[in-house]
1. For region A:182-199, name all the residues that are surrounded by fewer than 24 Cβ atoms within 10 Å (Cβ to Cβ), within 19 Å of residue B:17 (Cα to Cα) and either within 11 Å of another protein chain (Cβ to nearest Cβ) or more than 16 Å from ligand 2 (Cβ to nearest atom) (or both).
2. Does residue A:221 satisfy the condition of being open to solvent by 10 Å² or more (accessible area, probe 1.4 Å), in contact with a helix residue (DSSP H, G or I) (Cβ under 8 Å, 6 or more places away or on another chain) and of a type in the set (A, V, I, L, M)?
3. How many residues, within region A:156-167, are within 16 Å of ligand 2 (Cβ to nearest atom) and either open to solvent by 40 Å² or more (accessible area, probe 1.4 Å) or modelled with pLDDT of 95 or more (or both)?
4. Go through the residues of region A:330-337 one by one and say whether even a single one is within 12 Å of another protein chain (Cβ to nearest Cβ), closer than 25 Å to residue A:233 by Cα, under 19 Å from the mean Cα position of the chain (by Cα) and among the hydrophobic types (A, V, I, L, M, F, W, C).
5. Among the residues that make up region A:215-233, is at least one of them in contact with a strand residue (DSSP E or B) (Cβ under 7 Å, 6 or more places away or on another chain) and within 14 Å of chain B (Cβ to nearest Cβ)?
6. Identify all residues within region A:406-420 that are aromatic (Phe, Trp, Tyr) and surrounded by fewer than 21 Cβ atoms within 10 Å (Cβ to Cβ); write none if there are none.
7. Looking at (1) under 23 Å from residue A:131 (Cα atoms); (2) away from ligand 2 (no atom under 16 Å from the Cβ); (3) in contact (Cβ under 8 Å) with a residue 24 or more places away in the chain; (4) not polar (S, T, N, Q), which one does residue B:94 not meet, given that it meets all the others?
8. For region A:133-155, name all the residues that are open to solvent by 20 Å² or more (accessible area, probe 1.4 Å) and either in contact with a Pro (Cβ under 6 Å, 6 or more places away or on another chain) or among the polar types (S, T, N, Q) (or both).
Amino acid sequence: MYEPILTRNIGVADSEKIATYLARGGYEATRVALTQHTPAELIDMVKRAGLRGRGGAGFPAGTKWGFMPVDPALPKIVAVNTDEGEPGTFKDRALVERDPHQVIEGVIIAAYAVGANRAYVYIRGEFFLGVKRWIKAIADAYERGFLGRDILGSGFDLDLSVHRGAGAYICGEETAMLESLEGKPGNPRLKPPYPAQRGLFGLPTLVHNVETLACIPHIVLRGPAWFAGIGTRQSTGPKIFCVSGHVNRPGNYELPLGTPLREIIEGHAGGMSGGRKLKAVIPGGASTPVLTADQIDTPMAFETLAAAGSALGTGAIIVMDETTCMVEAARRLTRFFAHESCGRCVPCRVGSQRLYETLDRIECGKGRPGDIDLALQIAQAVDGTTFCPMGGALANPARSTIERFRGEYEYHIAHRQCAMQTGRATAIVHRLSSGRSVRGQNFNRRRRP
Amino acid sequence: MATVAEAGTRDVSPAKRAMLLTALYIAQEQHGWLTPQALDRVARRFDMTPGQVYATASFYTLFKLAPQGRYRIQVCEGLSCYLVGGAEPVIAQVGRQLDLRPGETSPDGRFTLEVVECLASCGTAPALRINDELYEHMTPEKIDRLLADLVAKT
Ligand SMILES: Cc1cc2nc3c(=O)[nH]c(=O)nc-3n(C[C@H](O)[C@H](O)[C@H](O)COP(=O)(O)O)c2cc1C
Ligand code: SF4
Ligand code: FES
């Protein structure tokens, strides 16, 4: 049996409180890191642990720490990405609401390692409880001397504060998040320079996802070899998988990276609901390509999912049974990206809307011959031609479902209806489409040069 | 004649500007939306033009530039909610019961129906939110009761 690490406190009464956290061995990692290790040693430990970012891109954390300039005269910053908004993903919200001190420890240790004395939490504006929990936890950590001046007598100072986002998925992209933290519209910046060179207020900034930071105290306490021993060679450590859709027990499951998809769906998540057959799985959140039922033995690791033609992303597993219309799934996800495009560059701003319109037409039984190829062309045109990685993300739902379920698209166009629920979804879509004024306005709101 | 450097000093200090979103949240609290007067006030406080403040405020969906109902009902239309019976059926039910279409505020100013993308409750879908409160595992019966309570309360 796998022993949960990141979620070990979740489920304990009052898990968010500092007293509970301390009673369960909390802040010991901070003490060890700040009093027994040099910053260089800690960077080396994270490198040897093989920890890769849990925010979607999977970049090696230790390498990123190593990119931060060492010049002690240069102020540096750590920014915590709590903007979790990728459809299907709900792990960071759980970590922050239920065990915020674990993340704070990660922040302290990371800041100490890269020489940052200022840290910011950027949290999704909708996470009301999360905001409250962050604020309370930070206040308690200050009171106990884990934040502020001369932490635990180590001579290291760190200030941490919370900034709320205000409803824009793109602000999860690290440079858009920095713009938003600076009080501006969340338009991504061109990279390079990377945040480690020029980040918040032009200062070197280390950006991490909440789950990545939650791993840090455990690496310090139990050692990099222990961490690297979990998972596969290229994907080490624990991972929280968010399972949603057609399973009996949706929820967050913490397991070693490399756990086969089948074990997660059939074992932990209790199998398919209603005993229906599996049709497709989106393994890593809305932006990752769909897998087919025969790929269910793929291990959930960075390298194996890449080989299977998808990506680990955020580890958000969306399970779809045989009754699911794949055109509708793609249409819905593409609509999300069209709403959330920041509007900065043409391929993403226009492409996402054209792609959505094309899928909408097909799903609603108004598809024209050639629409499938049109959708593929648009997906091709936005992938890799945009300012930030959103272009590649928004191309995936349409492209991967067309590649793997082209017959369903053809059926829609030939029969002017859905093969799956025979018009159930479409009827509803039709009825409501005229009234979708809120998001319709948003289409225009973010459109600016 | 102003030099470029002097023109540059008219920019707000970065640390001050970083408080803009917070200031907008506070300004919004009074009326539940950002009135033109509120935007002007924030602009003066930050030495910015109202246009600059508007550019930031209008980017974010949680900043409201029109009056909102006292109860804002946000229904998720994301894929995970849709798969388990949420999204459009829930939007339709709420809309029917409160006589609202998505994006509308009731004439008496009590309710606004909003459609949103993913509330990060996909594992406890279908989900909706009323003001600061999240409601998970929604069923038609639960929604009925929730709305009836809400109508009775207002
Ligand atoms: C469109 C887009 C949205 C993103 N949203 C998030 C997010 O909500 N949370 C997050 O941690 N990372 C998000 N990322 C990834 C960040 O840009 C960044 O890679 C990450 O925060 C780095 O942290 P990590 O190295 O710990 O993963 C997003 C990236 C893109 C392109
Ligand atoms: S790709 Fe999309 S989200 Fe990214 S900068 Fe361009 S318009 Fe904005
Ligand atoms: S899809 Fe509805 S909460 Fe995520």
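The values are calculated or read from the model by the stated rules, or taken from the named source; none is laboratory data. Just so we're clear, the structure is a prediction, and the values are computed from it rather than from any experiment. Please note: Cβ atoms are built from the backbone with ideal geometry, for glycine as well, and neighbour counts cover all protein chains shown. All accessible areas refer to the heavy atoms of the entire protein, side chains included, with ligands and DNA or RNA removed. Shrake-Rupley method; radii C 1.70, N 1.55, O 1.52, S 1.80 Å.
1. A:182, A:184, A:185, A:187, A:198
2. yes
3. Qualifying residue count, region A:156-167: 1.
4. No - not one qualifying residue is present in region A:330-337.
5. No: region A:215-233 contains no residue that is in contact with a strand residue (DSSP E or B) (Cβ under 7 Å, 6 or more places away or on another chain) and within 14 Å of chain B (Cβ to nearest Cβ).
6. Within region A:406-420, A:411 is the sole residue that qualifies.
7. (1)
8. Passing the criteria: A:133, A:154.
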